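Structure first, commentary second.
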Amino acid sequence: MSTEMQIMELISTAGESKAKVFQALKKVKENDFEGARALIAEARKIDVEAHNIQTQLITQDISEDVESPAMSLLMVHAQDHYMTSQLAKDLIEALIEVFDK
C-alpha cells in the first residue's frame, strides 16, 4: 500500500472513530450510558486500526531500509484527525463517568 493510501486510511479510520464517540455523546444526552459505553467500545476497536497505521508510518519514517515518507500537509492532516479523535474519546468517556451517577 502506498504511503498516500496509508495516510488516507488513517484519516478515514480516525474519522470513523470520532463519529462513534460523538454518537456516544448523543447517548449521554439521552441518559443512555450503556449505549454510550458500547459506542466507545466500538471506537476503541477502530482506534486499534488507526494506531496500527500510524505505527507503520512511523516505522517507515525511522527505517534505514526504506526512504522516509515525505512530510506533507496530508500527513499533518491525518495526524490531526487521529489526535482529535483520541481527545474526543477521552473527554466523552470522562463525561460518561461524570453523568452516570
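A compact table of results
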{"read-out": "Rounded percent of accessible protein surface that carbon and sulfur make up, the chain, 1.4 Å probe", "value": "59"}
{"read-out": "Positive dipole terminus of segment 29-101, leading residue within 98, 85, 75 (C-beta point charges)", "value": "98"}
{"read-out": "Structure-derived percent of Cα pairs over 19 Å apart: which label, when the choices are (i) 77; (ii) 46; (iii) 55", "value": "(ii)"}
{"read-out": "Helical contribution to [θ] at 222 nm, DSSP H n ≥ 4, -39,500 (n - 2.57), averaged over the chain, rounded to 500", "value": "-30000 deg cm²/dmol"}
{"read-out": "The chain - charge dipole about Cα centre, Lys and Arg +1 at Cβ, Asp and Glu -1, debye rounded to 20", "value": "600"}
{"read-out": "Sequence of 8, 71 from largest to smallest accessible area, 1.4 Å probe", "value": "71, 8"}
{"read-out": "Eligible lysines near residue 101 by straight Cα distance, threshold 22 Å, same-chain separation 8 or greater", "value": "26, 27, 29, 89"}
{"read-out": "Unit charges at the beta carbon, dipole of segment 1-94: most positive-side option, 62, 38, 5", "value": "38"}
{"read-out": "Accessible area of the chain divided out per residue, in Å², using a probe of 1.4 angstrom", "value": "63"}
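The values are calculated or read from the model by the stated rules, or taken from the named source; none is laboratory data. Since this is a predicted model, take the numbers as computed values, not measurements. We place every Cβ from the backbone using ideal geometry, glycine too, and count neighbours over all the protein chains shown. In case anyone asks, the SASA skips ligands and DNA or RNA and just uses the protein heavy atoms, side chains included. Shrake-Rupley method; radii C 1.70, N 1.55, O 1.52, S 1.80 Å.
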